[in-house]
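K.L.:
Quick one: the structure is below, and I'll ask about it shortly.
The values are calculated or read from the model by the stated rules, or taken from the named source; none is laboratory data. In this text the structure is predicted, and so the values were computed from the model without any measurement. Cβ placement follows ideal geometry from the backbone for every residue including glycine, while neighbour counts extend to all protein chains displayed.
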Amino acid sequence: MSSNEGSAIDRRSLLLGGASLAVTLPLDLRAATSTVREFALRAAPVRLSLVGPPHPDTDVWAYGRTVPGPEIRVRQGERLRVVVENRLPQETTIHWHGVRVPNAMDGVPHLTQKPIAPGERFVYEFDVPDAGTYWYHPHHRSFEQVGRGLAGALIVEEMEPLPVDRDLVWVLGDWRLARDGSIVNDFGNLMEVTMAGRIGNTVTINGRLPETMPVR
């Protein structure tokens, strides 16, 4: 999502059911005063356990050797800098889904940027104006790269923290797996291209089959 004029959205108001918009500093003023949070993401093929024994590990594409990718957590109004290294066998980009960013940081290949070639790096840097729960993912061959595991959570906390005990992030994913636990490698068929993705037959939470998760 590209940057435009408007007020910043306050997650607190949304969670409480309010429809009001919170007023924040203008983008250009925040840019001069914001804290910089830097992260590094390496996109590469790895083998991970998705469904557990007795199935073997699954060949996936991952950021930082984890599925979903590392959680990126910043504070509203801070500047985010992400250094992306491409170790995939094809080009890639990263799109910051739902975040108001400068056009050049939007991650749309051949439109807002040149795709990141295998072996190359690209630096995304922008101020984060709105609190909320977002996700990041490729915008180059999304139907395949997301289907192979490339996605992660981007959490933008309010300037004034919410009064909660814990903030848990659960990333729901669906995978199309064969009986041996491998990803069905039929990416690019007409239906998946028109749908910009596929419907899986295996659901994971934070990269694993659903299981009991402690919340305290």
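K.L.:
From Val46, Val84, Val67, Val101, which residue is under 14 Å from Val128 (Cβ atoms), among the hydrophobic types (A, V, I, L, M, F, W, C) and modelled with pLDDT of 95 or more?
P.N.:
Val101
K.L.:
Moving to a separate point now. Select from segment 132-169 the residues that are within 11 Å of the chain's Cα centre (by Cα) and aliphatic (A, V, I, L, M) and write down the one among them that is nearest to Gly197 (Cα to Cα).
P.N.:
Taking the candidates together, the pick is Val146.
K.L.:
Considering only segment 193-216, state which residues are surrounded by 12 or more Cβ atoms within 10 Å (Cβ to Cβ) and at pLDDT 85 or above.
P.N.:
Initial filter on segment 193-216 (surrounded by 12 or more Cβ atoms within 10 Å (Cβ to Cβ)): 193, 197-198, 200, 202, 204-209.
Within segment 193-216, Gly200, Thr202, Thr204, Ile205, Asn206, Gly207, Arg208, Leu209 meet the criteria.
K.L.:
Can you confirm whether Ser7 is touching a helix residue (DSSP H, G or I) at 6+ places or on another chain (Cβ under 7 Å), modelled with pLDDT under 90, under 25 Å from Asp127 (Cα atoms) and not aliphatic (A, V, I, L, M)?
P.N.:
No, not satisfied.
K.L.:
To continue, here is another question. From the residues in segment 156-192 that are without any contact (Cβ under 8 Å) to a residue 60 or more places away in the chain and surrounded by 15 or more Cβ atoms within 10 Å (Cβ to Cβ), which one is farthest from Val67 (Cα to Cα)?
P.N.:
This residue is Glu192.
K.L.:
Just checking, does segment 146-161 include any residue being over 26 Å from Arg37 (Cα atoms) and part of a helix (DSSP H, G or I)?
P.N.:
Pass one, segment 146-161, residues over 26 Å from Arg37 (Cα atoms): 147-148.
Pick out the ones that are also part of a helix (DSSP H, G or I) and you get none.
Looking for residues that are over 26 Å from Arg37 (Cα atoms) and part of a helix (DSSP H, G or I), one finds none in segment 146-161, hence no.
K.L.:
Across segment 90-107, what is the total count of residues that are under 24 Å from Pro45 (Cα atoms), under 14 Å from the mean Cα position of the chain (by Cα) and surrounded by fewer than 22 Cβ atoms within 10 Å (Cβ to Cβ)?
P.N.:
1
K.L.:
For segment 59-78, how many residues meet the condition of being closer than 15 Å to Gln145 by Cα, out of contact with any helix residue (DSSP H, G or I) (no Cβ under 8 Å at 6 or more places or on another chain) and in contact (Cβ under 8 Å) with a residue 60 or more places away in the chain?
P.N.:
Just the residues of segment 59-78 that are closer than 15 Å to Gln145 by Cα, to begin with: 59-69.
Those still in the list that are out of contact with any helix residue (DSSP H, G or I) (no Cβ under 8 Å at 6 or more places or on another chain) too: 59-60, 62-69.
From the residues that got through so far, the ones that are in contact (Cβ under 8 Å) with a residue 60 or more places away in the chain too are 59-60, 62-63, 66-69.
So the count comes out to 8.
K.L.:
Right, another one. Which residue pairs have Cβ atoms closer than 6 Å, lie 6 or more positions apart in sequence or on different chains, and pair a first residue in segment 194-206 that is of a type in the set (Gly, Ala, Ser) with a second residue that is surrounded by 15 or more Cβ atoms within 10 Å (Cβ to Cβ) and assigned to a strand (DSSP E or B)?
P.N.:
As it stands, the answer is Gly200/Trp175, since those pairs meet every condition given.
K.L.:
Report whether or not Asn86 is surrounded by 18 or more Cβ atoms within 10 Å (Cβ to Cβ) and not aromatic (Phe, Trp, Tyr).
P.N.:
Judged against the criteria, Asn86 is a match.
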